[in-house]
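Enquirer: Next up is a structure, given as structure tokens.
The values are calculated or read from the model by the stated rules, or taken from the named source; none is laboratory data. Model, not experiment: these values are computed from the prediction. In this analysis, Cβ positions are derived from the backbone assuming ideal geometry, glycine residues included, and neighbour counts consider all displayed protein chains. Surface accessibility is based on the protein's heavy atoms, side chains included, excluding ligands, DNA and RNA. Shrake-Rupley method; radii C 1.70, N 1.55, O 1.52, S 1.80 Å.
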Amino acid sequence: MNPAVHLWHAVRAIGFATYKEWAAYRSHMAVSLLVGPVYFLVQYMIWHAIYEGKDTINGLTLAQMLSYFGIAAVVNYFTFDFADWNLQMLVRTGKFVTFALRPMPHWLFALAQKLGHRSLGFAIECAPVFLIFLFVFHIDLKPAAPGWAAISIALSFLMNFMVNYCVGLTAFWLVRAEGVRRVFLLLKDISAGLFVPLSFFPGWAQHVLFYLPFQFITYVPTRVYVGKYELAGMHLSLPGVVGLQAGATALVAGLMLLLYRQALRRFTGVGV
């Protein structure tokens, strides 16, 4: 059998096994049906108060702002990832040694797991929350360009995984990496535009954020979804910003593979 075909079968099998494993605990995911809409309701009330007496803020109307947060929430349900936590747990306990001996690199195994996990999450989390935002909050969730939006969200899926995996790799250098992980992930969420659109940051901060990979996790797919991208005074077409996102994703992939090779040289199987 062709090695590429054999690898694809392995990835599909791992993804399906992960899907079945998490399906046994689907009530854990179903909690998101409450958490997501409640968080959005808080945003809904806050921005209604901020926009009182104003038509636009930073060029966005209230409807556009609510659409931003609704779309960002759905995108983050789809791209959710915990590769960082899982990898650090394996290194800390010494269980990573079983993966170090396998022919398949662990990063590919972890990506296959995410594919299975998010396939279930799409049915239990994304689709229901999408419908809640659409019919309960009456948020405009129609993509301006469905094709470009789908490509951008897929790249966001990969970017979030690779950034988190790089964070997880710090466990090979740090004895206890939990504190570093929490701080980094908080900064990542802020820099990704999860809490407020990046166009609301000061000009100098926008220029810094433009050159970081985090905008491609939430801000870029959300702006591509609505059909308009701007940051740091730069306005890019949808093909242009998605092309930029693809290039950034490739660069982060190269960084992840480089860190992975360096990490394997440091692994000693402590805890076995």
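Enquirer: The conditions are (1) surrounded by fewer than 19 Cβ atoms within 10 Å (Cβ to Cβ); (2) over 28 Å from residue 262 (Cα atoms), and residue 101 fails exactly one of them. Which is it?
Expert: Only one criterion in (1) surrounded by fewer than 19 Cβ atoms within 10 Å (Cβ to Cβ); (2) over 28 Å from residue 262 (Cα atoms) is unmet by residue 101, namely (2).
Enquirer: For the range 115-138: of the residues being of a type in the set (Phe, Trp, Tyr) and in a helix (DSSP H, G or I), which is farthest from residue 79 (Cα to Cα)?
Expert: Filtering the range 115-138 for residues that are of a type in the set (Phe, Trp, Tyr) and in a helix (DSSP H, G or I), the one farthest from residue 79 (Cα to Cα) comes out as 135.
Enquirer: Of the residues 153, 190, which single one is among the aliphatic types (A, V, I, L, M), open to solvent by 20 Å² or more (accessible area, probe 1.4 Å) and touching a residue at least 24 places away in the same chain (Cβ under 8 Å)?
Expert: On the way: 190 fails: touching a residue at least 24 places away in the same chain (Cβ under 8 Å).
Going through 153, 190 in turn, the sole match is 153.
Enquirer: Moving on to the next point. With respect to the numbered conditions (1) within 14 Å of residue 161 (Cβ to Cβ); (2) over 17 Å from the mean Cα position of the chain (by Cα), which one is the sole condition not fulfilled by residue 87?
Expert: Among (1) within 14 Å of residue 161 (Cβ to Cβ); (2) over 17 Å from the mean Cα position of the chain (by Cα), residue 87 violates only (2).
Enquirer: Just checking, which of 195, 122 is aromatic (Phe, Trp, Tyr) and modelled with pLDDT under 90?
Expert: Values: 195 fails: modelled with pLDDT under 90.
On inspection, the qualifying residue turns out to be 122.
Enquirer: Could you list, in sequence order, all residues of the range 232-253 that are buried (at least 16 other Cβ atoms within 10 Å of the Cβ), of a type in the set (Gly, Ala, Ser) and not in a helix (DSSP H, G or I)?
Expert: Answer for the range 232-253, where residues must be buried (at least 16 other Cβ atoms within 10 Å of the Cβ), of a type in the set (Gly, Ala, Ser) and not in a helix (DSSP H, G or I): just 232.
Enquirer: Test residue 199 against the stated conditions and say whether it is more than 16 Å from the chain's Cα centre (by Cα), open to solvent by less than 30 Å² (accessible area, probe 1.4 Å) and under 20 Å from residue 72 (Cβ atoms).
Expert: So residue 199 fits the description; yes.
Enquirer: Taking only pairs six or more apart or across chains, which ones have beta-carbon atoms under 6 Å, a first residue in the range 211-235 that is without any contact (Cβ under 8 Å) to a residue 24 or more places away in the chain, and a second residue that is open to solvent by 40 Å² or more (accessible area, probe 1.4 Å)?
Expert: Listed pairs, sorted by first residue: 229/236.
Enquirer: Next question, about the same structure. Name every residue in the range 52-98 that is touching a Lys or Arg at 6+ places or on another chain (Cβ under 7 Å) and either open to solvent by less than 30 Å² (accessible area, probe 1.4 Å) or farther than 30 Å from residue 177 by Cα (or both), in order of residue number.
Expert: Matches in the range 52-98: 81, 83, 84, 88.
Enquirer: Within the set of pairs 6+ apart or on separate chains, which have a first residue in the range 1-21 that is over 9 Å from residue 112 (Cα atoms), a second that is among the polar types (S, T, N, Q), and C-beta atoms under 8 Å apart?
Expert: Matching pairs, first to second residue: 19/119.
Enquirer: Of everything in the range 177-187, what is open to solvent by less than 70 Å² (accessible area, probe 1.4 Å) and within 21 Å of residue 216 (Cβ to Cβ)? Give them in sequence order.
Expert: 181, 185
Enquirer: While we're on this one: Limited to the range 242-264, what total is found for residues that are under 21 Å from residue 149 (Cβ atoms) and free of Cβ contacts under 8 Å to residues at least 40 places away in the same chain?
Expert: Total meeting the criteria: 4.
Enquirer: Another one. What pairs come out if I take residues in the range 133-145 that are under 16 Å from residue 238 (Cα atoms) and pair them with residues that are part of a loop (DSSP other than H, G, I, E, B) and not hydroxyl-bearing (Ser, Thr, Tyr) whose C-beta lies under 7 Å away, six or more apart or interchain?
Expert: Sorted first by the residue in the range 133-145, then by its partner, the pairs are 144/227; 145/227.
Enquirer: With buried (at least 21 other Cβ atoms within 10 Å of the Cβ) and of a type in the set (Ser, Thr, Tyr) as the only criterion, which of 229, 211 stands out?
Expert: Of 229, 211, the one residue that is buried (at least 21 other Cβ atoms within 10 Å of the Cβ) and of a type in the set (Ser, Thr, Tyr) is 229.
Enquirer: Of everything in the range 214-226 that's among the aliphatic types (A, V, I, L, M) and crowded, with 21+ Cβ neighbours inside 10 Å, which residue is nearest to residue 169 (Cα to Cα)?
Expert: Of everything passing the filter in the range 214-226, 217 is nearest to residue 169 (Cα to Cα).
Enquirer: Still on this structure, I have one more. If I ask for residues that are open to solvent by less than 60 Å² (accessible area, probe 1.4 Å) and among the acidic types (Asp, Glu), which ones from the range 122-150 would you list?
Expert: Within the range 122-150, just 125 meets the criteria.
Enquirer: If you don't mind, there's one more thing I want to ask. Output yes when any residue across the range 81-99 is within 19 Å of residue 192 (Cα to Cα), in a helix (DSSP H, G or I) and among the small types (Gly, Ala, Ser), and no when none is.
Expert: yes
Enquirer: Then there's this: So in the range 160-176, with the set limited to residues that are aliphatic (A, V, I, L, M) and more than 25 Å from residue 77 (Cα to Cα), which one is surrounded by the fewest Cβ atoms within 10 Å (Cβ to Cβ)?
Expert: First, the residues of the range 160-176 that are aliphatic (A, V, I, L, M): 162-163, 167, 169, 171, 174-175.
When the remaining residues are screened for being more than 25 Å from residue 77 (Cα to Cα), the result is 171, 174-175.
Working: 171: 25, 174: 14, 175: 7.
Taking the candidates together, the pick is 175.
Enquirer: If you don't mind, there's one more thing I want to ask. Do you know which residues across the range 215-245 are small (Gly, Ala, Ser) and under 20 Å from the mean Cα position of the chain (by Cα)?
Expert: Keep residues of the range 215-245 that are small (Gly, Ala, Ser), which gives 227, 232-233, 237, 240, 243.
Result: 227, 243.
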